[in-house]
Amino acid sequence: MEFIDTAIALMGYAPETKELSDFLKKNDLHERPKFDANEGTPVVLVEKGEQGFNLRFRTKASFEKNYGRTVGDGDMVLEALQLYGPKNIINYAAFQGVLPFGLNFLQDIDGITKTLGKPDFASEPDVQEPVFAWNNIKNLRISTVLTPDRKNMMVLTISPARNSLQK
């Protein structure tokens, strides 16, 4: 879980910081996201599909508005870690590490709810890939996307809880 714990600790850091740059290098991630105003999107994914994860970067201004403090110079900061289970729809390999909070990709929503409690958000019952979110588990927002049959977790996303980082 060192990988996950380190990624969580670095949320809000710019890739130009030594800490995040070292983490990216250690995990063989060479892309350093930059905001492109012409693209119009404030989010960039740095993907490592063969290892079952991606890192989501957001513009510094947007991150500060939603979460609080940032660290380092740069126009993008690490916002979230997305981990993919063996039954995902984008053909990522399954993440092989231990998931936080006692979660595992083979849990259905009942198992996840037993572990995390009642979700703060749940998709409508007829949604093909249902999403559930918990807004403050140890100052983190945890969200899951389940398989269409709702028997397995496809994606686990970890990001800071809103306004959880001291300014």
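Across region 72-85, what is the total count of residues that are farther than 20 Å from residue 8 by Cβ and either surrounded by fewer than 16 Cβ atoms within 10 Å (Cβ to Cβ) or of a type in the set (Phe, Trp, Tyr) (or both)? Working first, answer last.
The initial filter retains those residues of region 72-85 that are farther than 20 Å from residue 8 by Cβ, namely 73, 75.
The next check asks that each one be either surrounded by fewer than 16 Cβ atoms within 10 Å (Cβ to Cβ) or of a type in the set (Phe, Trp, Tyr) (or both); those that pass are 73.
Of the residues in region 72-85, 1 are farther than 20 Å from residue 8 by Cβ and either surrounded by fewer than 16 Cβ atoms within 10 Å (Cβ to Cβ) or of a type in the set (Phe, Trp, Tyr) (or both).
So how many residues does region 77-90 have that are part of a loop (DSSP other than H, G, I, E, B) and touching a helix residue (DSSP H, G or I) at 6+ places or on another chain (Cβ under 7 Å)? Let's see the steps before the verdict.
Looking only at region 77-90, we keep the residues that are part of a loop (DSSP other than H, G, I, E, B), and these are 85-90.
From what's left, touching a helix residue (DSSP H, G or I) at 6+ places or on another chain (Cβ under 7 Å): none.
Residues flagged as part of a loop (DSSP other than H, G, I, E, B) and touching a helix residue (DSSP H, G or I) at 6+ places or on another chain (Cβ under 7 Å) within region 77-90 amount to 0.
Note on region 136-161: among residues that are among the charged types (D, E, K, R) and in a loop (DSSP other than H, G, I, E, B), the one that is farthest from residue 116 (Cα to Cα) is 149.
I'd like to check something: does region 101-115 contain any residue that is part of a helix (DSSP H, G or I), of a type in the set (Val, Ile, Thr), modelled with pLDDT of 95 or more and buried (at least 18 other Cβ atoms within 10 Å of the Cβ)? For region 101-115, residues part of a helix (DSSP H, G or I), of a type in the set (Val, Ile, Thr), modelled with pLDDT of 95 or more and buried (at least 18 other Cβ atoms within 10 Å of the Cβ): present. In region 32-46, of all residues being under 13 Å from residue 58 (Cβ atoms) and among the hydrophobic types (A, V, I, L, M, F, W, C), the one that is surrounded by the fewest Cβ atoms within 10 Å (Cβ to Cβ) corresponds to 45.
Run down 137, 158, 90 and say which single residue is closer than 28 Å to residue 36 by Cα and within 14 Å of the chain's Cα centre (by Cα).
Numbers: 137 fails: closer than 28 Å to residue 36 by Cα; 90 fails: within 14 Å of the chain's Cα centre (by Cα).
Going through 137, 158, 90 in turn, just one is closer than 28 Å to residue 36 by Cα and within 14 Å of the chain's Cα centre (by Cα): 158.
Residue 58 - would you say it is surrounded by fewer than 19 Cβ atoms within 10 Å (Cβ to Cβ), touching a strand residue (DSSP E or B) at 6+ places or on another chain (Cβ under 7 Å) and not small (Gly, Ala, Ser)? Answer is no for this residue.
The values are calculated or read from the model by the stated rules, or taken from the named source; none is laboratory data. Being a predicted model, the structure only gives us computed values, none of them experimental. Glycine gets a Cβ as well: all are built from the backbone with ideal geometry, and neighbour counts include every protein chain shown.
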